[in-house]
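Undergrad: For reference, the structure I am asking about is given below.
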Amino acid sequence: EAGVTQSPTHLIKTRGQQATLRCSPISGHTSVYWYQQALGLGLQFLLWYDEGEERNRGNFPPRFSGRQFPNYSSELNVNALELEDSALYLCASSLGVLAVYNEQFFGPGTRLTVL
Amino acid sequence: DAKTTQPTSMDCAEGRAANLPCNHSTISGNEYVYWYRQIHSQGPQYIIHGLKNNETNEMASLIITEDRKSSTLILPHATLRDTAVYYCIVRPPVPGTALIFGKGTTLSVSS
């Protein structure tokens, strides 16, 4: 069974640009989560999507946004990039809100570097 | 803030059991204990979770104390590939609850 996949593996942008990161969940999973892991700060929760809707977001500014498509894949968009947005962005998926067990399984991440 | 306390680092000899402790003295009655690990620059890997009974799977065993205020993750025969940061997380069984990662324990397995 294929795991969570993310693309691209690496992304280099300059300050002020926009970045788009993509995630495909495990087949059968309807929930997608986004986390940011900046150097020295640990993993921080960004967003949760389920059945195409944003269900929850962490303490991040509105320039961090995303969406979930009908096939449950997801995009994370970061607008007006700042140097401190440089981080490993991790996507996780789980069974949906009606599932008894909803462990989150992570992808390999996208390394975003802002110059 | 993370609701767990773990040692910063631990060492283990290859082939020996690695016992990683975690304190979660404020755990609520419906919160589960989850363990994940992260090998350098990779996505976290789910290991195991439990509520109050001891659990075992192909990767590890989870021992939860009777008062549920602490737990121990046991890797029965550590290998070099088990070198990673191990995170102990408590969360309720509520869909969509974000995982709150603390600093974890860096386990170093050496030959």
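Undergrad: Can you find, within region B:100-111, the residue that is nearest to A:Tyr49 (Cα to Cα) among those that are at the interface with chain A (Cβ under 10 Å from one of its Cβ atoms) and either acidic (Asp, Glu) or surrounded by fewer than 19 Cβ atoms within 10 Å (Cβ to Cβ) (or both)?
TA: B:Ile100
Undergrad: Taking A:Gln36 as meeting all but one of (1) farther than 18 Å from A:Leu112 by Cβ; (2) within 14 Å of another protein chain (Cβ to nearest Cβ), write down the number of the exception.
TA: Among (1) farther than 18 Å from A:Leu112 by Cβ; (2) within 14 Å of another protein chain (Cβ to nearest Cβ), A:Gln36 violates only (1).
Undergrad: Only one of B:Gly102, B:Gly96 is modelled with pLDDT under 95 and at positive phi; which?
TA: B:Gly96
Undergrad: Among the residues of region B:74-94, are any free of Cβ contacts under 8 Å to residues at least 40 places away in the same chain, of a type outside the set (S, T, N, Q), surrounded by fewer than 20 Cβ atoms within 10 Å (Cβ to Cβ) and under 29 Å from A:Val97 (Cβ atoms)?
TA: So far as region B:74-94 goes, yes, one or more of its residues are free of Cβ contacts under 8 Å to residues at least 40 places away in the same chain, of a type outside the set (S, T, N, Q), surrounded by fewer than 20 Cβ atoms within 10 Å (Cβ to Cβ) and under 29 Å from A:Val97 (Cβ atoms).
Undergrad: In the set A:Leu46, A:Leu81, A:Leu98, which member is under 18 Å from B:Val94 (Cα atoms) and at pLDDT 95 or above?
TA: After ruling out the rest, the residue left standing is A:Leu46.
Undergrad: Another question, if that's okay. Return the residue satisfying two criteria in turn: it lies in region A:1-25 and is closer than 18 Å to A:Gly96 by Cβ and within 14 Å of the chain's Cα centre (by Cα), and of such residues it is surrounded by the fewest Cβ atoms within 10 Å (Cβ to Cβ).
TA: Within region A:1-25, the match that is surrounded by the fewest Cβ atoms within 10 Å (Cβ to Cβ) is A:Ser24.
Undergrad: Within region B:61-70, does at least one residue satisfy the condition of being of a type outside the set (D, E, K, R), crowded, with 20+ Cβ neighbours inside 10 Å, over 23 Å from A:Val32 (Cα atoms) and away from chain A (no Cβ under 12 Å)?
TA: yes
Undergrad: What about A:Glu84, is it out of contact with any Cys (no Cβ under 6 Å at 6 or more places or on another chain), assigned to a strand (DSSP E or B), of a type in the set (Asp, Glu) and in contact (Cβ under 8 Å) with a residue 12 or more places away in the chain?
TA: Spelling it out, it is not the case that A:Glu84 is out of contact with any Cys (no Cβ under 6 Å at 6 or more places or on another chain), assigned to a strand (DSSP E or B), of a type in the set (Asp, Glu) and in contact (Cβ under 8 Å) with a residue 12 or more places away in the chain.
Undergrad: Can you tell me how many residues within region A:55-70 are at pLDDT below 95 and either in a strand (DSSP E or B) or away from every other protein chain (no Cβ under 12 Å) (or both)?
TA: So the answer is 3.
The values are calculated or read from the model by the stated rules, or taken from the named source; none is laboratory data. Because the structure is predicted, anything quoted here is derived from the model rather than measured. So basically every Cβ, Gly included, is an ideal-geometry build from the backbone, and we count neighbours across all protein chains shown.
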